[in-house]
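The values are calculated or read from the model by the stated rules, or taken from the named source; none is laboratory data. This one's a predicted model, so the numbers in the text were calculated from it and none came from an experiment. Positions of Cβ are backbone-derived with ideal geometry, glycine not excepted, and every protein chain shown enters the neighbour counts. With ligands, DNA and RNA removed, areas are computed over all heavy atoms of the protein, side chains included. Shrake-Rupley method; radii C 1.70, N 1.55, O 1.52, S 1.80 Å.
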Amino acid sequence: MAAAVSIVDVVKNFGSLQALAGVSLEIAEGEFFGLLGPNGAGKTTLISSLAGLARPDSGSLKVLGHDVIKDFRQARRLLGMVPQELVFDPFFNVRETLQIQSGYFGIRKNDDWIDEILENLDLTSKANVNMRRLSGGMKRRVLVAQALVHKPPVIVLDEPTAGVDVELRQGLWQFVRRLNNEGHTIILTTHYLEEAEALCGRIALMKQGRVIALDTTANLMAAYPGASLEEVFVRTMNQ
Amino acid sequence: MIGFWTLFYKELLRFWKVAFQTVAAPVLTALLYLLIFGHVLEDHVLVHGVRYTSFLIPGLVMMQVLQNAFANSSSSLIQAKITGSIVFVLLPPIPYSAFFAAYVLAAMVRGLMVGVGVLLATLWFAELRVVAPLWILVFALLSGALFGALGMIAGIWVEKFDQLAAFQNFLIMPLTMLSGVFYSIYTLPTFWQRLSHYNPVFYMIDGFRYGFFGVSDVAPEFSLGVVFACFAVVTALTLNLLKRGWKLRT
Ligand SMILES: Nc1ncnc2c1ncn2[C@@H]1O[C@H](COP(=O)(O)OP(=O)(O)OP(=O)(O)O)[C@@H](O)[C@H]1O
Ligand SMILES: [Mg+2]
């Protein structure tokens, strides 16, 4: 069986800056995987490469066995991504946004699933509100919804909880956990390490474009008995 | 196919929701040109034996088709790039050719809507013959497509709206203005006549005008060949840029 995500020797330079210095990772189907690291470590660049938004200079990335460049249509169909930047199309309301996104993925009638996503993300009352009129946290939730319209088996969330209130954070994690239990592979980046500690079965720590630690959350924690993931993170970074 | 239709539909909605600016305003602009130039020159000029106001109308129609087709695809892409909402069309599995077709067709629809609007509005001011409607249609469609595709290249290429304005002011405007919208190039000095023959827009307008009056500076078949060749080149270039993700995928 193909891994959910397979990344081999990926290098990406922006001019003289090396954003990814040869990253290799394998994530199995059904994992809840955490990608952690300080600002500028290369997390978003790695995720963007997986989603086809960035083109690596060398190396290969596959989603469920499909190369993200050679076999991009299949790879993209299997991947849902929540971008880190808070972006939206001001021309449409929430429901239109989700219907259009479904259409891009080749799905015509998607209203049942759209209703379910809206419900779970507490957006039902905002369904007919223009994107411009939503608060930042609500826009973030719509981004999560947009990533899920095509029920992708692999879901990548790039800091989905930045700017989202406590209650919704709980709701969001409940929903994502449920998706994970139903078999979806989840890849998460976040700077809230308690979240990662509670949710992720396995974690990669990135620093300056490299993976410097990769293990189950339990094993990483065991290296420093009694420490929180935050302490483990800080110590590993300073090694 | 659903991906294509959705993108096409989204692009139509985008300009239709602000039709006052995107359709009505250019129709008004063209009318103003007609009123001013037509009023000043009507009594003095016959071109190819056609009264000046009548001669002017097809040129104005074509000019607005071109400029609006270009504006549609270019402004849509650059706006999406600036706001970042371009990711919504970059993440889905839409093939390059469908991506290209959706933007170009939507640009053509806007260009033709404005063109038809100008035509209908100007009918109040001058009578217009229609000798060969098929030529009119073919030149309008192909020229709109060509400028829609050029708009895609511009939208992919530039990073800010003022760069787009430069593209429009220094390339698109001169090409359309110096193409025979306001005159027959045979009234020009030899040097400028020769130069006009290197301007593809000249062939679009000349061929388009042939459909109305049955007279033109060069044979419409030749003009069609030139326009088609340009379209083929621009299409190949745009598809190549999309395939490489140039300026869209970092
Ligand atoms: N489009 C770009 N052009 C130039 N440099 C870039 C670009 N995108 C990212 N970088 C650089 O690449 C490096 C990695 O950036 P990246 O966004 O992947 O970090 P990150 O781990 O996601 O950080 P954060 O936690 O702040 O989101 C940074 O030094 C950043 O400045
Ligand atoms: Mg990031």
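Some observations on this one:
- For segment A:1-48, the set of residues classified as within 16 Å of ligand 2 (Cβ to nearest atom), of a type outside the set (Val, Ile, Thr) and within 14 Å of chain B (Cβ to nearest Cβ) consists of A:Lys12, A:Phe14, A:Leu17, A:Ala19, A:Leu20, A:Gly42, A:Leu46, A:Ser48, listed by residue number.
- Only one entry of A:Arg141, A:Arg132, A:Arg95, A:Arg169 meets the criterion of being among the basic types (Lys, Arg) and in contact (Cβ under 8 Å) with a residue 40 or more places away in the chain, and that entry is A:Arg132.
- Residue in segment A:40-47 that is free of Cβ contacts under 8 Å to residues at least 12 places away in the same chain and crowded, with 22+ Cβ neighbours inside 10 Å present: no
- Residue that is farthest from B:Val215 (Cα to Cα), among those in segment B:91-113 that are out of contact with any Ser or Thr (no Cβ under 8 Å at 6 or more places or on another chain) and of a type in the set (Val, Ile, Thr): B:Ile94
- The single condition among (1) at negative phi; (2) charged (D, E, K, R); (3) more than 16 Å from ligand 1 (Cβ to nearest atom) that A:Asp122 does not meet is (1).
- Flag if A:Asp165 is over 27 Å from A:Arg95 (Cα atoms) and of a type in the set (Asp, Glu): no
- With respect to the conditions (1) assigned to a helix (DSSP H, G or I); (2) of a type in the set (A, V, I, L, M); (3) open to solvent by less than 20 Å² (accessible area, probe 1.4 Å), A:Met138 lacks only one, and its number is (3).
- Every listed requirement among (1) on the phi > 0 side of the Ramachandran plot; (2) within 16 Å of ligand 2 (Cβ to nearest atom); (3) open to solvent by less than 20 Å² (accessible area, probe 1.4 Å) is met by A:Gly52 save one, (2).
- Residues (within 8 Å of chain B (Cβ to nearest Cβ) and either buried (at least 21 other Cβ atoms within 10 Å of the Cβ) or under 16 Å from B:Thr83 (Cβ atoms) (or both)) located in segment A:103-124: A:Gly103, A:Tyr104, A:Phe105
- Residue in segment A:156-195 that is nearest to ligand 1 (Cβ to nearest atom), counting only those that are closer than 11 Å to A:Gly34 by Cβ and in contact with a helix residue (DSSP H, G or I) (Cβ under 6 Å, 6 or more places away or on another chain): A:Thr189
- Residue that is nearest to A:Pro152 (Cα to Cα) [pool: residues in segment A:79-89 that are more than 7 Å from chain B (Cβ to nearest Cβ) and open to solvent by 30 Å² or more (accessible area, probe 1.4 Å)]: A:Gln84
- Pick from segment B:233-250, criterion under 21 Å from the mean Cα position of the chain (by Cα) and open to solvent by 50 Å² or more (accessible area, probe 1.4 Å), ranking: nearest to the other protein chains (Cβ to nearest Cβ): B:Leu239
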